[in-house]
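Peer 1: Below is a structure I'd like to ask you about.
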Amino acid sequence: FTLNLIGNSTSEILKDKKYQIKFHNSLQKEKAIIKILNDCDLFVFTSKLDNFPLVLMEAQSCGLPCIAYKTGGVEDIIINNRTGFLIKPFDENKFAEKIKIFLDNKKTLKQFSINSRKNVEKNFSYPVIRKKYEQIFKKII
């Protein structure tokens, strides 16, 4: 498999592995992000602190199951055991175990992928968010 890394890392730990690694500097253009996400099967979010990481919604909108630590607003985006896995902070062994589940079981990966896309469409699409804002504004005005 290929490991796509987005960011400014060229960690020595990752060298000499049995898989191909593609390093991508920080991406600013939406089309570049979408292209890389569409080339992936799984999104692994290793940040240890993020209030509401939009990248998880971007990944799910491309049909990617997500694995992340259960911190900040991550659990508002990932539905544990349905669209991905939420890992107790900072249990690296459990994190690796959950990645292996997807690598070993393409049927599970496919179902989580379908669930991920549906989750974003149902909860975070423009029409849904617009309606929520309209409801807030109606209460205020």
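Peer 1: For the range 67-119, how many residues meet the condition of being open to solvent by 70 Å² or more (accessible area, probe 1.4 Å), in contact with a strand residue (DSSP E or B) (Cβ under 9 Å, 6 or more places away or on another chain) and either farther than 22 Å from Leu49 by Cα or among the hydroxyl-bearing types (Ser, Thr, Tyr) (or both)?
Peer 2: 0
Peer 1: Let me ask you something else. Which of the residues belonging to the range 26-53 are out of contact with any strand residue (DSSP E or B) (no Cβ under 8 Å at 6 or more places or on another chain) and either exposed (fewer than 11 other Cβ atoms within 10 Å of the Cβ) or not hydrophobic (A, V, I, L, M, F, W, C) (or both)?
Peer 2: Hits for the range 26-53 are Gln28, Lys29, Glu30, Lys31, Lys35, Asn38, Asp41, Leu49, Asp50, Asn51.
Peer 1: Do we have any residue at all in the range 121-136 that's closer than 23 Å to Leu3 by Cβ, surrounded by 11 or more Cβ atoms within 10 Å (Cβ to Cβ) and not β-branched (Val, Ile, Thr)?
Peer 2: We begin by selecting, within the range 121-136, every residue closer than 23 Å to Leu3 by Cβ; these are none.
Looking through the range 121-136, none of the residues is closer than 23 Å to Leu3 by Cβ, surrounded by 11 or more Cβ atoms within 10 Å (Cβ to Cβ) and not β-branched (Val, Ile, Thr).
Peer 1: Could you grab me the full set of residues in the range 114-126 that are in a loop (DSSP other than H, G, I, E, B) and in contact (Cβ under 8 Å) with a residue 60 or more places away in the chain?
Peer 2: Of the residues in the range 114-126, the ones in a loop (DSSP other than H, G, I, E, B) are 124-125.
Passing the criteria: only Phe124.
The values are calculated or read from the model by the stated rules, or taken from the named source; none is laboratory data. These numbers come from a predicted model, not from an experiment. Positions of Cβ are generated from backbone atoms using ideal geometry, with glycine treated the same way; all protein chains shown enter the neighbour counts. Heavy atoms of the whole protein, side chains included, go into the accessibility calculation; ligands, DNA and RNA do not. Shrake-Rupley method; radii C 1.70, N 1.55, O 1.52, S 1.80 Å.
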